[in-house]
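Step one of this worksheet: look at the structure below.
The values are calculated or read from the model by the stated rules, or taken from the named source; none is laboratory data. Remember, it's a predicted structure, so these values are computed and weren't measured experimentally. Every residue, glycine as well, gets a Cβ built from its backbone with ideal geometry; the counts of neighbours run over all protein chains shown. Areas reflect the complete protein model, heavy atoms only, side chains present, ligands, DNA and RNA absent. Shrake-Rupley method; radii C 1.70, N 1.55, O 1.52, S 1.80 Å.
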Amino acid sequence: MKILVCISKSPDTTSKIAFTDSSTKFDENGVQYIVNPYDEWYALVRALELKETIGGNVTIITVGTAADDSVIRKALAIGADDAVRIDADATDAYFTASQIASYAKANGFDLILTGKETINYNGSQVAGMIAEELDLPFVSLATKLDISGTKLTLEKEIVGGVQVVEVELPVVISCAKGMAEQRIPNMRGIMAARTKPLTIIAPIEVTPLTAFVSYTMPAPKTACKMIDPNNMDELVALLHNEAKVI
Amino acid sequence: MSTIVYITSSNGLGKSAFEAVTYAKKLGSDVTVVTTGSSDSTTLAMLGEWGASKVLVDRSVNSDDTQQITRIIATAVEQTGADTVVFSHDLIAKSIAPRLSVRLKAGLVSGATSLPTNDGGFTCSVNVFSGKAFGNVNVKTAKKIISLLPNSIQPEAIGSACAVEEFNGGAGETRMKVLSTKKPEGEIPLTEAERVVSAGRGLKAPENWGIVEDLAKELGAATACSRPVADIGWRPHHEHVGQTGFAIRPNLYIAAGISGAIQHLAGVNGSKVIVAINTDAEAPFFKAADYGVLGDVFEVLPRLTEALKKFHATNN
Ligand SMILES: Cc1cc2nc3c(=O)[nH]c(=O)nc-3n(C[C@H](O)[C@H](O)[C@H](O)COP(=O)(O)OP(=O)(O)OC[C@H]3O[C@@H](n4cnc5c(N)ncnc54)[C@H](O)[C@@H]3O)c2cc1C
């Protein structure tokens, strides 16, 4: 089975969030990049588990510049077989999805996996867009994936519960918590990642539909009001009279 | 100007549906609601009160197959000549809006927190970096899709019941089969909840969650938890909130025995009012909270539940 896993870089979860150039650009100063946790922990690890049980090949793909190669090597260290980088700035979700869809169409994959969203732009857009470009079914926010022949059984989050659905390959799936457990790369994986193939491809021409033009920081929180732990009547009164939430 | 609002009505109509219609109305346009699902016409007609002039209901699909619903909305856009489509940013919108964006070549604002401004044509604010900042997204295309973050605007009733028409949106075939649906009875879905009681490792063991559930019950709140608590299996995964779990924005978030790590805060910092209960005066949650209680959850939670019972008894 040929599996394509879409990965994105995202700033380490403890990164300080700040902007430069009159608040039009994310300040990368001192920021460490990681593989977006949803892509790594859930999509990539589940792909590797499938490969380990039924055989096949796991390719990771990202749209990015040479600066992203270190993140690609991290994903290879966890166990992907090879990697593709479309050499362009991922300007918007549509641009990114179109690049990936174009590659996927030319190379034919049975299963395309993504994380549920990135932790920097939180758009949750790329997977659905790839599916539409390729005219494939799309199951979003899957928390469990089993395969039998060309049939997939998936559990997915729905508002207030879970649903079990069945689809035939090929299909696009975005992965959420529950899908797999995080894997820590070992030394052998890290060594092997250095020599695994990384193919760099020129982008196709696509005009983005949207652009981030500026950023703002939320207003700072006012100081926390401390309440006597023996006096919960006071807290209830404050929540009622002052905060007006009960 | 004409706007389509897509609403799924299989769970009845919630506040998020009224928010989406109010938002569309505030764009200054004629609002047509497109819906799939099982709500009856009398219920759907109520959307007129929030500003819809018409509801189109396609009853041919019985799942949230993204291809079918995308086709139905695209047909409605074509027939009404709409230039904007509004969703409420829920799990269904997240799976359909991106497809529709490609189909219509319409720029998508994912998780809008405000009405658009004319800045550079059409610009809308969204949460980025898991709620740690806002980004302003400029949409460059003539057609636009806005997926509105729940709890971002106040629904306003302005009209009266509207017409409901059966609609054939040409859903086509489904390639997804629903085998079963599990919805825990009587529980409030976390992402829809106005109030949430959340607990962390400070609760020490899964059998101690009774005091959390008692408080949630008294408040009419949903329950949530920190990541380690879900990871070790004390609580189900669907309760995990934070940067790598659900992001929620209730009116009231009570955090009991949770340290307030940056990744946890990222999923809850959109809450209107935060109460933190912790034995450690240095816990980072006190910096993010509106009200803090420095104390032991095993004493404070039952006391708070009792105080609420007293309050409800005298205020009802
Ligand atoms: C990439 C990444 C992503 C992550 N994503 C998430 C996420 O999405 N959500 C999330 O929650 N975490 C996430 N984490 C984990 C996060 O960093 C913290 O480790 C986690 O939130 C801590 O959970 P906790 O507060 O329950 O436990 P702890 O850190 O162990 O804190 C327990 C707290 O309870 C208090 N306490 C103990 N006993 C009592 C008592 N009797 N009464 C009152 N208070 C008491 C303690 O003082 C302490 O503050 C992530 C981490 C990483 C690295």
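With +1 assigned to the C-beta of every Lys and Arg and -1 to the C-beta of every Asp and Glu, and no other charges, what is the dipole magnitude of the protein assembly as shown about the Cα centre in debye, to the nearest 20?
Rounded to the nearest 20 debye, it is 580 debye.
Okay, helix-only estimate at 222 nm for chain B: each DSSP H run of n ≥ 4 adds -39500 (n - 2.57), divide by all residues, round to 500 deg cm²/dmol; what do you get?
Value at 222 nm, helices only, nearest 500: -8500 deg cm²/dmol.
Just need the relative contact order of chain B here, percent rounded to a whole number, with Cα pairs under 8 Å and 6+ apart.
Value for chain B: 15 percent.
Once both axes come from the Cα atoms, what is the angle between helix A:232-241 and the longest principal axis of chain A, in degrees from 0 to 90, rounded to 10?
For A:232-241 against chain A, the angle is about 80 degrees.
Treating chain B as a set of equal point scatterers at the Cα positions, no solvent, please give the Debye-formula log₁₀ I(q)/I(0) at q = 0.08, 0.13, 0.14 Å⁻¹.
The Debye formula, applied to the Cα set alone, gives -0.41, -0.98, -1.09.
Rounded to the nearest 10 degrees, what's the angle between the helix B:91-104 long axis and the longest principal axis of chain B, both from Cα atoms, 0 to 90?
Orientation of helix B:91-104: about 30 degrees from the principal axis.
Give the span of the range B:214-316's Cα atoms along each principal axis, as three whole-Å numbers ordered largest to smallest.
41, 29, 26
Working from Cα positions, state the angle (0 to 90°, nearest 10) between the long axis of helix B:66-80 and the longest principal axis of chain B.
50
Note the per residue figure in Å³ for the convex hull of the C-alpha positions in the range B:139-250.
248
Please state the Cα pair-distance histogram of the range B:2-166 with 5 angstrom bins from zero: what percent is in each bin?
All Cα pairs, binned at 5 Å, distribute as 2, 10, 20, 24, 22, 14, 6, 2, 0 percent.
What trypsin sites (Lys or Arg not before Pro) does the range A:201-246 have in DSSP loop regions with at most 12 other beta carbons within 10 Å?
Answer in residue order: A:Lys221, A:Lys244.
How many Å³ per residue does the convex hull of the Cα positions in the range A:16-68 occupy?
Normalising the Cα hull of the range A:16-68 by residue number yields 105 Å³.
Among A:Met179, A:Met191, A:Met129, which one moves the most in a GNM of chain A with springs linking Cα atoms closer than 10 Å?
In this elastic network of chain A, the residue with the biggest mean-square fluctuation among A:Met179, A:Met191, A:Met129 is A:Met191.
For the range B:190-315, with only Lys/Arg (+1) and Asp/Glu (-1) charged at the beta-carbon, what is the dipole magnitude about the Cα centre, in debye rounded to 20?
Here the range B:190-315 has a charge dipole of around 200 debye.
Report which residues of the range A:183-216 become buried by 30 Å² or more of accessible surface when going from the isolated chain to the complete set of protein chains (1.4 Å probe; DNA, RNA and ligands ignored).
Buried by 30 Å² or more upon assembly, which counts only protein chains, are A:Leu209, A:Thr210, A:Ala211, A:Phe212, A:Val213, A:Ser214, A:Thr216.
Per residue of the range A:147-158, what does 6.51 cos²θ - 1.76 cosθ + 1.60 with θ = phi - 60° give for ³J(HN,Hα)? Whole Hz please, x for Gly and Pro, Karplus curve as stated.
Taking θ as phi minus 60°, the curve returns 10, 9, x, 9, 9, 10, 10, 10, 9, 9, 6, 10 Hz for the range A:147-158.
How large is the translational diffusion coefficient of chain A in µm² per second when you combine the Kirkwood radius over alpha carbon pairs with Stokes-Einstein at 10 °C and 1.306 mPa s?
Answer, rounded: 80 µm²/s.
What does the accessible area of A:Asp21 come to, in Å² to the nearest 10, when a probe of 1.4 Å is used?
Per-residue accessible area (A:Asp21): approximately 90 Å².
Can you give me the long-range amide H partners of B:Phe122? Hydrogens built in the peptide plane at 1.01 Å from N, cutoff under 5 Å, separation of 5 or more residues or another chain.
So B:Phe122 has HN proximity to B:Val139.
Give, ordered by residue number, each residue of the range B:157-178 whose 1.4 Å probe accessible area is reduced by a minimum of 40 Å² on adding the remaining protein chains to the chain alone.
B:Arg175, B:Met176, B:Lys177
A drop of at least 40 square angstrom in accessible area, chain alone versus all protein chains together, probe 1.4 Å. Which residues of the range A:33-76 meet that?
Listed by number, the residues meeting the 40 Å² cut-off are A:Tyr38, A:Trp41.
For A:130-137, what's the mean count of beta carbons from other chains sitting within 10 Å of each residue's beta carbon?
Partner Cβ neighbours, averaged per residue: 4.
Can you give me the pair-distance distribution of the protein assembly as shown, C-alpha pairs, 20 Å bins, whole percents?
Taking all Cα pairs of the protein assembly as shown, the binned fractions are 21, 55, 24, 1 percent.
Find the accessible area per residue for the range B:190-315; the probe is 1.4 Å, ligands and nucleic acids are left out, and the unit is Å².
39
Got a number for carbon plus sulfur as a percent of the protein assembly as shown's accessible area, 1.4 Å probe?
Summing carbon and sulfur atoms, their accessible area is 50 percent of the total for the protein assembly as shown.
Label A:His240 and B:Asp30 with points 7 Å out from Cα along Cα→Cβ: what is the distance between them in nm?
Result for the modelled spin labels: 4.9 nm.
For the range B:150-159, take each phi angle, set θ = phi - 60°, evaluate the Karplus expression 6.51 cos²θ - 1.76 cosθ + 1.60, and give the result in whole Hz per residue in order, putting x for glycine and proline.
With coefficients 6.51, -1.76 and 1.60, one gets x, 6, 9, 9, 8, x, 10, 7, 10, x Hz.
Buried accessible area for the B:A pair, summed, 1.4 Å probe, in Å² rounded to 100?
7200
List the residues of the range A:136-163 whose backbone N lies under 11 Å from a point placed 7 Å from the Cα of B:Leu179 along the Cα-to-Cβ direction.
Under cut-off, by backbone N: A:145-148, A:151-156.
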